[in-house]
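Each remark here refers to the structure printed beneath this line.
The values are calculated or read from the model by the stated rules, or taken from the named source; none is laboratory data. The shown structure was predicted, so the numbers you read here are calculated from the model rather than taken from an experiment. Ideal geometry is used to build each Cβ from the backbone, glycine not excepted, and the neighbour counts take in all protein chains shown. These accessible areas exclude ligands, DNA and RNA; they are computed on the full protein's heavy atoms, side chains included. Shrake-Rupley method; radii C 1.70, N 1.55, O 1.52, S 1.80 Å.
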Amino acid sequence: MSVERIDRSRLRVLREHEDAEFVRRRPRSRELLERGRASMPGGVPMSWMTGLYEHATMFPVSGDGACFEDVDGHCYLDMNQVDVAGFLGFAPPPVTEALSAQAARGSSFLLPSEDSIVVAEDLARRVGLPFWQFTGAVSNANAEAIRLARVSTGRERVLMFEGKYHGDIDDVLGRHDGEGPKAAVPGRIANAPRGEVTIPFNDLAALEAMLAAGDIACVLSEPMLTNFNLIFPDDGFWTQAEAIIRAAGALLIIDEAHTHSFAYGGLTNAWQLSPDVVTLGKGLGSGVPFGAYGMTAELARVLERHAKPPSPLEGGGATLVTGGTTYANALVLAAARAALERCLTPEAYIRNESLGRRLAVGLEEIFARRDLDWRVPQIGGRCGWVLGPDLPRNTGDSAATMDIFFSNSRRVFMANRGIWEALDTAGPACSFAHDEADVDRYLEVAEAFVEATTTPAS
């Protein structure tokens, strides 16, 4: 297997050196982390801020365009886009201007703003679904979409694909490994996963078999998997999958939290998919907490019939529980409108795709010069490192071409050279704020890492 070309002894020595340098160069971040431990678990306001990394966290102070700076004065070229939540870059001027102006007029009213109509109309044109609702994050959008599917179909179970991540709500945190459903994480009640089913991606036979019982309310999936490297659907997969799902009487929910950054209108538009619901999140790349979901006219009517919020005096009755006090507030919708109208243009997506191709070609040339039979999946501005000759079709394939110690070592190596590539199961991505010089800078450091950690061809 190609991962065997990694020189383990050299990698361990390099990692020890880079870890020590990382700590030495960031004394102020260390001080803040220790101070934070007195008031926050792990010293951070959200556990991911330490749990994602094997090294101590950094404390940023500012960001502009494609780069951010930490409290120790180090500047980093961001190749992670804040896990897609920042794919417009840091502080995009149209968004910051809209936020400032709306904050001065009032942030939240628990009443609709005109911007909500403009954003809904814009998303309807782009994505192709006519009716929209807004939430605080895609986790919330997925939760509401699942409830809507259950009310619409009269069924309860949710079918997902292995390697999925659809947020932190109970309905999407289970797994199925052949011995029955199980909770994928601690802290859930024992019977919570019974409504969830997971099957391998690209497996039409498994999809048809699991739908045959007639108890699946919805299939929830990204158009392609993005949380386990990049995994593309087989040619014709979604055409056949949609037909199977429809025939079984289930609904299709497409989660485009990540993939909306890959193409104008997301992959639903680019690949001409026909879901019943599309969910969006990551603040549309603006960095603002914001989620949305679009639906068919039929589902909009279902939602309207069950839209009255629950009352402690009347009981829940036929109410479909949706919404939140700060959802769809004037501030986030002003930001969303600015992002859609002034940042997420067709031309910007085309430019980002060009940068992604430059990045992918550059990585493949690095691997070829080292005679490594590694591959680089690419879509939009995002790429991946596949340490093997074939692109993966499912999570089993993907796991076989990953090396987490190698990936984590690459992160700290790059951070010490002014590049931030945060997630070990993702890959480098160009934001809308990057340029060709940024791509070339990443490639220069990537080549140095490959040369330092792999054996020459025999």
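Observations, loosely collected:
- Under the condition of being open to solvent by 40 Å² or more (accessible area, probe 1.4 Å) and either at positive phi or under 18 Å from the mean Cα position of the chain (by Cα) (or both), the residues counted in the range 404-424 number 1.
- Subset of the range 325-354 [in a helix (DSSP H, G or I) and among the hydroxyl-bearing types (Ser, Thr, Tyr)]: Tyr349, Ser354
- Residue within the range 231-254 that is among the small types (Gly, Ala, Ser), at pLDDT 95 or above and under 19 Å from the mean Cα position of the chain (by Cα) present: no
Here's the yes/no breakdown for (1) buried (at least 22 other Cβ atoms within 10 Å of the Cβ); (2) at pLDDT 95 or above; (3) touching a strand residue (DSSP E or B) at 6+ places or on another chain (Cβ under 9 Å):
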site: Pro312; (1), (2), (3): no, no, no
site: Leu320; (1), (2), (3): no, no, no
site: Ala334; (1), (2), (3): yes, yes, no
site: Leu344; (1), (2), (3): yes, yes, no
site: Ala348; (1), (2), (3): no, yes, no
site: Glu364; (1), (2), (3): no, yes, yes
site: Ala399; (1), (2), (3): no, no, no
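- Checked against the criterion of being open to solvent by less than 40 Å² (accessible area, probe 1.4 Å) and of a type outside the set (Gly, Ala, Ser), the candidates Phe134, Phe90, Phe109 yield just one match: Phe134.
- Enumeration of residues in the range 434-458 that are open to solvent by 10 Å² or more (accessible area, probe 1.4 Å), outside any loop (DSSP other than H, G, I, E, B) and more than 12 Å from Ala66 (Cα to Cα): Asp440, Arg441, Leu443, Glu444, Val445, Glu447, Ala448, Glu451, Ala452
- Long-range neighbours under 9 Å by Cβ, at least six apart or interchain, first residue assigned to a loop (DSSP other than H, G, I, E, B) within the range 145-173, second of a type in the set (Phe, Trp, Tyr): Glu162/Phe201; Glu162/Phe228; Gly163/Phe201; Gly163/Phe228; Lys164/Phe201; Lys164/Phe228; Tyr165/Phe228
- Filter result for Thr322 (closer than 26 Å to Arg157 by Cα, in contact (Cβ under 8 Å) with a residue 60 or more places away in the chain and assigned to a loop (DSSP other than H, G, I, E, B)): yes
- Positions within the range 29-71 being within 26 Å of His434 (Cα to Cα), at pLDDT 95 or above, open to solvent by 40 Å² or more (accessible area, probe 1.4 Å) and assigned to a loop (DSSP other than H, G, I, E, B), in sequence order: Phe59, Val71
- Pairs, first within 17 Å of Ala422 (Cβ to Cβ) in the range 30-50, second open to solvent by 100 Å² or more (accessible area, probe 1.4 Å), C-beta under 8 Å, six or more apart: Ser47/Pro41
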